[in-house]
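*Asks:* Sharing a structure, written as structure tokens. Questions coming.
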Amino acid sequence: MSVPTGTERPVRRRPVLVAYCGLAAVGGAFFLGSFAYPWTNPEDGTIGAGALPRVAGLLLFVLSLALIRQESRTGSVLEGDGQVAETAEHTPEETRRIRAKLLVVTLTMAATALLIPILGMLPALTVMTLFLTAVVERLPLTRAAAVSAGVFAVSYLLFIVVLQVPLPFGLFDPATWSVL
């Protein structure tokens, strides 16, 4: 981020403030929602399900508040944006496609959040990655599947094996099938 020199004063941009407020709301929601889960597992004292969303939510909330304060006080100018909302580099058709992609990605994230209780965290994120890489980014299906498998493998190793965080398993939870 750079601040212009001289007499120019950056303007407070309403879309930027709205975006930062949205991020603060998401961070606050994750932070508050994390209190429904334990900080540590009572059985063995390892990191509990509430640790990651609590820390990440708090960090996102605090950083968003700092960005809101900065934008409100001094405005901001991003390198090369010339303080304009639309750049002349994009045709109206390109701008429409960019906005459509943004909408699809946002709706995909919302759908993924709704699928987590059904499919579980890792399968839902894997399906989301496959959809975004194959449909939105238009990668070849084999490459999109490889990227999705890699996301699943790294997430499994990081959260299940290394951190031992109990993630929601949805229909893949053995407890669900033992009841039947």
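*Asks:* Based on what the data block shows, is F169 open to solvent by 60 Å² or more (accessible area, probe 1.4 Å), touching a Ser or Thr at 6+ places or on another chain (Cβ under 9 Å) and either at pLDDT 85 or above or over 29 Å from P42 (Cβ atoms) (or both)?
*Replies:* Taking the combined requirement at face value, the residue does not satisfy it.
*Asks:* If we scan segment 58-76, do we find a residue that is at pLDDT below 90, over 29 Å from T40 (Cβ atoms) and assigned to a loop (DSSP other than H, G, I, E, B)?
*Replies:* Yes - at least one qualifying residue is present in segment 58-76.
*Asks:* Continuing with the same structure: Can you name the condition, by its number, that L52 falls short on among (1) among the aliphatic types (A, V, I, L, M); (2) under 29 Å from M121 (Cβ atoms); (3) modelled with pLDDT of 85 or more?
*Replies:* (3)
The values are calculated or read from the model by the stated rules, or taken from the named source; none is laboratory data. For clarity, every value in this text was computed on a predicted model and none was experimentally measured. Every residue, glycine as well, gets a Cβ built from its backbone with ideal geometry; the counts of neighbours run over all protein chains shown. For the accessible areas, the whole protein counts, side chains as well, though only heavy atoms, and no ligand, DNA or RNA atoms are used. Shrake-Rupley method; radii C 1.70, N 1.55, O 1.52, S 1.80 Å.
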